[in-house]
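The values are calculated or read from the model by the stated rules, or taken from the named source; none is laboratory data. Given the structure is predicted, the values throughout are model-derived calculations rather than measurements. Heads up, the Cβs are rebuilt from the backbone with ideal geometry, glycines too, and the neighbour counts pull from every protein chain shown.
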Ligand SMILES: [Zn+2]
């Protein structure tokens, strides 16, 4: 693991330049900050591997990617970094994280992400004030953090905070008339996108989506239980966990949906979490047993503009146990003592569970190939720290599962770089190793295209042109 290296030097050159710009434009005599990464193999998620390259970083951006034989003009003070036999990839994203889920990890997650080459994350649910404060208060360097604020739920709220094991990640939007004000308040508070949850009513779902569109906020969503993936999906920019697609893909989906809607209408008292858990456990496996490929193709064809974030790592956690991996003990040891202690108890419980049904886990991995076949975009996300997800580490596990599901290693890298940038409409400045892109970069010891497990071989990490791990 790369050593932590906190050098956020404020450059006097940049300060002087800023001053000159303020006066009458920056003189060309003031040199910009340059780093040249030499003799490196460039791995771009679109164009693949190009050997013997040099990558020039200037003022936080990629200024040139060129063959080693080409002469580049460098400042006298340019930093040169020999990366012979190394592989450079764009900084990785985790599209599904929760900073405020486990208080023992909240302040540690940003550093862990950088340790593992994760330079950008999407926080998909938590209290907005807490998240905005955290994002401001975390010391630099820290990954680029984009937040949704709370899970926007219905009259009943799944994460309402009534159980100490489940923090209050959600908030209720009980009727469509409340949607616009809810989204406006989130935008005002600093949210970058919204996240819609499972107990929302269909009219409210549409109202929330419209309110977000109006404010240029991307929409992440679960499939509301009153709806199906093909009715809710086209209104969202991303959908999480592949959850509830199984119902839409069942030959008897109408019958299952009608049962589900009736149960929700009849639910007048109790916990949102219990309502949701009951529906999932009663309907998920029967739906998968009635999988109908023709019907499923119709459903998936409605999702060609809706990124699916499968979180395979989470979906498979009960039967492909992360704690049986060889590299698990070392990764766990880097977590705070309190987290390790709590997780050991959870692992014990998981090991004692007899006969875990792997149907949904296997179906999730199976669906990757179907998504690819129908051209549905796929994004890499983990739900860390939920379900024993070690921040940063778990993203690499997710990449492995995406490849097991049928993606090439290059497609998996695309899912963790360009696809998330597309979600935020930032693909013109993030996600590739080409001129003009923000210089969020990861240097690997081994080639990730020959084996995606090599994405773990992180040797150095650059964030907006500065080395943050080396
Ligand atoms: Zn989540």
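Taken together, 378, 356, 347 contain a single residue that is under 28 Å from residue 126 (Cα atoms) and at pLDDT below 95, which is 347.
Among the residues of region 23-35, are any in a strand (DSSP E or B), more than 16 Å from the ligand (Cβ to nearest atom), modelled with pLDDT of 95 or more and not assigned by TED's automatic domain parsing to the domain that holds residue 393? Yes, because at least one residue in region 23-35 is in a strand (DSSP E or B), more than 16 Å from the ligand (Cβ to nearest atom), modelled with pLDDT of 95 or more and not assigned by TED's automatic domain parsing to the domain that holds residue 393. Applying the set (1) in a strand (DSSP E or B); (2) modelled with pLDDT under 95 to residue 281 leaves exactly one unmet item: (1). Within the bounds of region 258-277, is there any residue that is free of Cβ contacts under 8 Å to residues at least 40 places away in the same chain and under 26 Å from the mean Cα position of the chain (by Cα)? Checked against the condition, which is being free of Cβ contacts under 8 Å to residues at least 40 places away in the same chain and under 26 Å from the mean Cα position of the chain (by Cα), region 258-277 yields at least one hit. I'd like to check something: does region 446-461 contain any residue that is free of Cβ contacts under 8 Å to residues at least 40 places away in the same chain, crowded, with 17+ Cβ neighbours inside 10 Å and either part of a loop (DSSP other than H, G, I, E, B) or in contact with a helix residue (DSSP H, G or I) (Cβ under 6 Å, 6 or more places away or on another chain) (or both)? Yes: one or more hits. Which one is surrounded by the most Cβ atoms within 10 Å (Cβ to Cβ) among residues in region 45-64 that are touching a residue at least 24 places away in the same chain (Cβ under 8 Å) and part of a loop (DSSP other than H, G, I, E, B)? The qualifying residue surrounded by the most Cβ atoms within 10 Å (Cβ to Cβ) is 45.
Quick grid of which residues meet (1) assigned to a strand (DSSP E or B); (2) modelled with pLDDT of 95 or more:
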{"position": "43", "(1), (2)": "yes, yes"}
{"position": "66", "(1), (2)": "yes, yes"}
{"position": "73", "(1), (2)": "no, no"}
{"position": "80", "(1), (2)": "yes, yes"}
{"position": "85", "(1), (2)": "no, yes"}
{"position": "89", "(1), (2)": "yes, yes"}
{"position": "113", "(1), (2)": "no, yes"}
{"position": "140", "(1), (2)": "no, yes"}
{"position": "146", "(1), (2)": "yes, yes"}
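Only one of the numbered conditions (1) more than 16 Å from the ligand (Cβ to nearest atom); (2) more than 18 Å from residue 339 (Cβ to Cβ); (3) part of a loop (DSSP other than H, G, I, E, B) is not met by residue 103, and that is (2).
A Cβ distance below 8 Å, combined with a sequence gap of six or more or placement on separate chains, defines the contacts here; from region 344-361, residues that are under 22 Å from residue 312 (Cβ atoms) and assigned by TED's automatic domain parsing to the domain that holds residue 246 reach no residue that is assigned to a helix (DSSP H, G or I) and modelled with pLDDT under 90.
Here are some conditions: (1) within 16 Å of the ligand (Cβ to nearest atom); (2) under 19 Å from residue 112 (Cα atoms). Residue 379 meets all but one. Which one does it not meet? Condition (2) is where residue 379 drops out.
Can you confirm whether residue 398 is under 25 Å from residue 245 (Cβ atoms), within 16 Å of the ligand (Cβ to nearest atom) and part of a helix (DSSP H, G or I)? It is true that residue 398 is under 25 Å from residue 245 (Cβ atoms), within 16 Å of the ligand (Cβ to nearest atom) and part of a helix (DSSP H, G or I).
Which residue out of 136, 127, 123 is within 16 Å of the ligand (Cβ to nearest atom) and either free of Cβ contacts under 8 Å to residues at least 12 places away in the same chain or surrounded by 24 or more Cβ atoms within 10 Å (Cβ to Cβ) (or both)? It would help to see each step written out before you state the result.
Working: 136 fails: within 16 Å of the ligand (Cβ to nearest atom); 127 fails: either free of Cβ contacts under 8 Å to residues at least 12 places away in the same chain or surrounded by 24 or more Cβ atoms within 10 Å (Cβ to Cβ) (or both).
Sole residue among the options that is within 16 Å of the ligand (Cβ to nearest atom) and either free of Cβ contacts under 8 Å to residues at least 12 places away in the same chain or surrounded by 24 or more Cβ atoms within 10 Å (Cβ to Cβ) (or both): 123.
Among the candidates 439, 460, the residue that is closer than 18 Å to residue 59 by Cβ and not assigned by TED's automatic domain parsing to the domain that holds residue 145 is uniquely 439. Going through (1) touching a helix residue (DSSP H, G or I) at 6+ places or on another chain (Cβ under 8 Å); (2) surrounded by 22 or more Cβ atoms within 10 Å (Cβ to Cβ); (3) not in a strand (DSSP E or B) one by one, residue 414 falls short only on (1).
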